[in-house]
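The values are calculated or read from the model by the stated rules, or taken from the named source; none is laboratory data. Note that the structure is predicted; figures quoted are calculated from it, not measured. Note: ideal-geometry Cβ built from the backbone for every residue, glycine included; neighbour counts use all protein chains shown.
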Amino acid sequence: MSLNVMVLESDAGAADAARSALTAAGHEVLGCHEPGARSFPCIGIEDQSKCPLRSHSVDLALTVRTGHRSQPTAHEDGVRCALMHRVPLVVVGPPVLDPYEPFQARVIAADDDVVAACEEVAASELPRHSRVATEALRATRNPGDGSDAARATVTRRHGCLHASVTGLEALGPRQQDAAIVRMMAKLREYDSSARGIDVTFRRQSVSSATDARHST
C-alpha cells in the first residue's frame with residue numbers, strides 16, 4: 001500500500017536519504033518546507049492549501065534527527081502539527097534525550113530500515129485511539145451487563161479510522177448499537193481530523209451471526 005509520509009528533519013538535509021528510500025519504495029513524500037527554504041514560515045502559513053495535512057491524507061509523520069537534542073528544532077515544526085492531528089510519528093535518531101518519546105509510535109536508529117519501519121507503523125494498531133474506543137464501549141449504565149469484555153482495535157488508512165470491535169456478544173442488538181454509536185462519538189471527539197470512521201464487529205445471536213458495519 002502506497003503511503004503519504006510527511007517527512008521532517010532536525011537540520012536541513014538530514015532526511016535526504018529517508019526521502020529517497022521512501023520515494024524508491026513507491027511512497028509519496030510530503031514536506032512542510034520547500035527545499036533550501038528557511039525553517040519559518042512553513043508552506044502552510046504562506047498557502048494553507050499546500051499544508052500536507054490539508055492537501056493529503058497523511059498516513060504518518062517521520063522526523064530524522066541528528067545528534068542528541070532534548071528539544072525539537074525549528075525545522076521540525078511540522079511534528080507538532082502531525083501530533084495534534086493524531087498522525088503516528090516515527091523518529092529516526094538517538095533515543096537518549098528524545099523529546100518525542102511520550103508521543104512517538106516508534107524510534108529507530110539511523111542505519112535501520114526506515115521504509116520497513118514506516119510501513120509497519122502505518123499498518124499497526126493506534127494504541128491511544130484503541131484505548132479511547134474501548135473505554136467508550138465499556139461505559140455502560142448497567143454495570144455487570146457483560147460490556148467489560150468489549151474491545152476495539154483502531155487503525156488508520158488513507159486518513160480514515162478503522163475500528164474492529166469484539167466482545168459485545170453479551171449485549172442485545174440495541175445495546176450493541178448504542179455502544180458503537182458512543183464509541184464513534186468518542187473517537188470523533190479524540191481525533192477530529194480523521195476523514196471518517198469505519199467500524200466492523202461480529203454480531204452474534206442464538207441462531208445466527210452477522211457482520212455489522214457502521215461508518216461516518
Point to revise | Which numbered condition Asp77 misses (of (1) at pLDDT 95 or above; (2) surrounded by 18 or more Cβ atoms within 10 Å (Cβ to Cβ); (3) under 30 Å from Pro35 (Cβ atoms)) | key: (1)
Point to revise | Matching option when the condition is charged (D, E, K, R), in a loop (DSSP other than H, G, I, E, B), modelled with pLDDT under 95 and surrounded by fewer than 15 Cβ atoms within 10 Å (Cβ to Cβ), among Arg54, Arg38 | key: Arg38
Revision key, fill the gap. Note on the stretch 86-99: residues modelled with pLDDT under 95 and either among the acidic types (Asp, Glu) or touching a helix residue (DSSP H, G or I) at 6+ places or on another chain (Cβ under 6 Å) (or both) are Asp98
Review point. Hey, any hits in the stretch 149-156 for a residue that's in the same structural domain as Arg19 (by TED's automatic domain parsing) and over 25 Å from His85 (Cβ atoms)?
Key: no
Exercise for review: Go through the stretch 94-143 residue by residue and tally those that are surrounded by 13 or more Cβ atoms within 10 Å (Cβ to Cβ), small (Gly, Ala, Ser) and touching a Pro at 6+ places or on another chain (Cβ under 9 Å).
Suggested key: 4
Practice item. State whether one or more residues within the stretch 42-49 are over 20 Å from the mean Cα position of the chain (by Cα), more than 18 Å from Glu119 (Cβ to Cβ) and β-branched (Val, Ile, Thr). Key: yes
Check your understanding: Which members of the stretch 154-191 meet the condition of being in a strand (DSSP E or B), surrounded by 19 or more Cβ atoms within 10 Å (Cβ to Cβ), of a type in the set (A, V, I, L, M, F, W, C) and touching an Asp or Glu at 6+ places or on another chain (Cβ under 8 Å)?
Key -> Val154, Leu161, Ala163
Review point. Can you name the condition, by its number, that Ser49 falls short on among (1) hydroxyl-bearing (Ser, Thr, Tyr); (2) surrounded by 15 or more Cβ atoms within 10 Å (Cβ to Cβ); (3) out of contact with any Asp or Glu (no Cβ under 8 Å at 6 or more places or on another chain)?
Key: (2)
Practice item. From the list Gly13, Gly31, Gly36, Gly44, pick out the single residue that is out of contact with any Ser or Thr (no Cβ under 7 Å at 6 or more places or on another chain) and within 16 Å of Val90 (Cα to Cα). Key: Gly31
Review point. Which one is surrounded by the most Cβ atoms within 10 Å (Cβ to Cβ) among residues in the stretch 16-28 that are in contact with a Ser or Thr (Cβ under 8 Å, 6 or more places away or on another chain) and either polar (S, T, N, Q) or part of a loop (DSSP other than H, G, I, E, B) (or both)?
Key: His27
**Study point:** Enumeration of residues in the stretch 102-143 that are of a type in the set (Gly, Ala, Ser) and part of a helix (DSSP H, G or I)
**Key:** Ala116, Ala117, Ala122, Ala123, Ser130, Ala133, Ala136
